[in-house]
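K.L.:
One structure is given below, represented as structure tokens, and several questions about it will come after.
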Amino acid sequence: MTASVYDTALTTIDGAPATLGDYRGKVLLVVNTASKCGLTPQYEGLEKLYRQKKGDGLEVLGFPANNFNGQEPGSEDEIKQFCALTYDVSFPLFSKISVAGADIHPLYQQLTAAQPVAIGDGPLREKLASLDIPTNAAPAILWNFEKFVIGKDGSVVARFSPDTPADNAALLAAIDTALAA
């Protein structure tokens, strides 16, 4: 039997041990984040979504990662302070992890194996290529702010490209379907 995403050891941004099992029975939106990325303003939409749907059982979980052009160079304290002061982030944040490459965190190995292709992949990949910025081929994470929807049962039900905003109709439909299940 393969390990569930609920079993993978994690650490909160405050240094406490955790697992996604702490959120069992909720719908999870797992996002790899960065503070110095062109997509960083997505924190605002993610926080708005979290506040709108938390009461319905949604948890937005942020995983800072420095895999893409060094866009998350800060310490946990710096990241936490930036998110709180700049975007009033109240959703849970975790310690910085690697989401791609040889040192990819086991959680992201599981997520990308379960959903190898992101919905909406293409426009950002083409933009990065036009700027001569190297990208990872699927199933690897393309860039900061890629999004995974995990159902109440722990199954990875959808994956969205980094440039998919939190108010995207397809993303909202995937979350609402998972919440209704």
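The numbers here are math on the coordinates, done by the rules we state, and not lab data. These figures come from a predicted structure and were not determined experimentally. Glycine also receives a Cβ, built like all others from the backbone with ideal geometry; neighbour counts cover every protein chain displayed.
K.L.:
Using the Kirkwood radius built from alpha carbon pairs, what does the Stokes-Einstein equation give as D for region 5-180 at 4 °C and 1.567 mPa s, in µm² per second? Please list the in-between numbers first.
P.N.:
On the way: Rh = 16.0 Å.
It comes out at roughly 81 µm²/s.
K.L.:
Still on this structure, I have one more. Please arrange Leu46, Leu142 by counting, for each residue, the other beta carbons lying within 10 Å of its beta carbon, fewest first. Working shown, then result.
P.N.:
Numbers: Leu46 24, Leu142 21.
Fewest-to-most Cβ neighbours within 10 Å comes out as Leu142, Leu46.
K.L.:
May I pose another question? To the nearest 20 Debye, how big is the dipole of region 5-180 about its Cα centre, given +1 on the beta carbon of each Lys and Arg and -1 on that of each Asp and Glu? Before the final figure, lay out each step's value.
P.N.:
Working: 14 positive and 21 negative charges, 57 e Å.
Approximately 280 debye in magnitude.
K.L.:
Where the centre of each part is set by its Cα atoms, how far does region 118-181 sit from region 1-41, in angstrom?
P.N.:
15 Å
K.L.:
Which of the listed residues, Ala178, Val89, Tyr108, is farthest toward the dipole's positive end in the chain, when Lys, Arg count +1 and Asp, Glu count -1 at the beta-carbon?
P.N.:
Toward the positive end, the furthest listed residue is Ala178.
K.L.:
Here's another thing I want to ask about it. Taking square-rooted eigenvalues a ≥ b ≥ c of the alpha carbon gyration tensor, is region 140-181 rounded, prolate or oblate, where a/c under 1.5 means rounded and, failing that, a/b exceeding b/c means prolate?
P.N.:
Details: a/c = 3.36, a/b = 1.44, b/c = 2.34.
In terms of gyration-tensor shape, oblate.
K.L.:
Also: What are the DSSP H helices in the chain that stretch 15 Å or more along their long axis, judged by alpha-carbon atoms, and whose average Kyte-Doolittle hydropathy comes to at least 1.6? If you can, show how the numbers build up before the last one.
P.N.:
Values: long enough: 42-53 (16 Å, -1.81); 76-87 (16 Å, -0.38); 169-180 (16 Å, 1.88).
Qualifying helices: 169-180.
K.L.:
Can I ask one more? For Val60, which sequence-distant residues (separation of 5 or more, or a different chain) have an amide H within less than 5 Å of its own amide H, given hydrogens modelled in the peptide plane?
P.N.:
Under 5 Å from the amide H of Val60 lie the amide H atoms of Leu29, each far enough along the sequence or on another chain.
K.L.:
Could you order peptides 55-64, 86-95 by the average number of other Cβ atoms within 10 Å of their residues, highest first? Spell out each step's value before the answer.
P.N.:
Values: 55-64: 20.1, 86-95: 17.8.
Per-residue Cβ counts within 10 Å, averaged per peptide and sorted highest first, yield 55-64, 86-95.
K.L.:
Can I ask one more? Using only helices, what value at 222 nm comes out for the chain when you add -39,500 (n - 2.57) per DSSP H run of length 4 or more and divide by the total residues, to the nearest 500 deg cm²/dmol? It would help to have the intermediate numbers written out before the result.
P.N.:
On the way: 5 runs with 53 residues, N = 181.
Roughly -9000 deg cm²/dmol at 222 nm, from the helical runs in the chain.
K.L.:
Taking H placed 1.01 Å from N in the peptide plane, check which residues at least 5 places from Thr33 or on another chain put their amide H under 5 Å from its amide H.
P.N.:
Phe63, Ala65, Phe145
K.L.:
I would also like to ask the following. Using R₀ = 35 Å, calculate the FRET efficiency as 1/(1 + (r/R₀)^6) where r is the Cβ-Cβ separation of Ala113 and Ala169; round to 0.05. Could you put the intermediate results ahead of the total?
P.N.:
Details: r = 27 Å, r/R0 = 0.77.
Here the calculated transfer efficiency is 0.85.
K.L.:
Antiparallel DSSP bridges in region 5-180: what percent, to the nearest 5? Present the calculation step by step, with values, prior to reporting the outcome.
P.N.:
On the way: 11 of 20 bridges.
The antiparallel fraction comes to roughly 55 percent.
K.L.:
Hey, which of these cross-link pairs are over 29 Å Cα-Cα: Lys53/Lys127; Lys48/Lys127; Lys127/Lys152?
P.N.:
On the way: Lys53/Lys127 32 Å; Lys48/Lys127 27 Å; Lys127/Lys152 35 Å.
Those over the limit are Lys53/Lys127; Lys127/Lys152.
K.L.:
Can you sort Phe160, Phe145, Phe82 by how many other beta carbons sit within 10 Å, fewest first? Mind showing how you got there, number by number?
P.N.:
On the way: Phe160 24, Phe145 30, Phe82 18.
Fewest-to-most ranking of Phe160, Phe145, Phe82: Phe82, Phe160, Phe145.
K.L.:
Determine the dipole magnitude for region 33-99: charges of +1 sit on the beta-carbon of Lys and Arg, -1 on that of Asp and Glu, nothing else is charged, the reference point is the Cα centre, and the result goes in debye to the nearest 20.
P.N.:
Numbers: 7 positive and 9 negative charges, 28 e Å.
Computed about the Cα centre, the dipole is about 140 debye.
K.L.:
Among all the lysines, which ones have a C-alpha under 18 Å from Lys96's C-alpha, if same-chain residues fewer than 8 places away are not counted?
P.N.:
Correct list for Lys96: Lys36, Lys80, Lys147.
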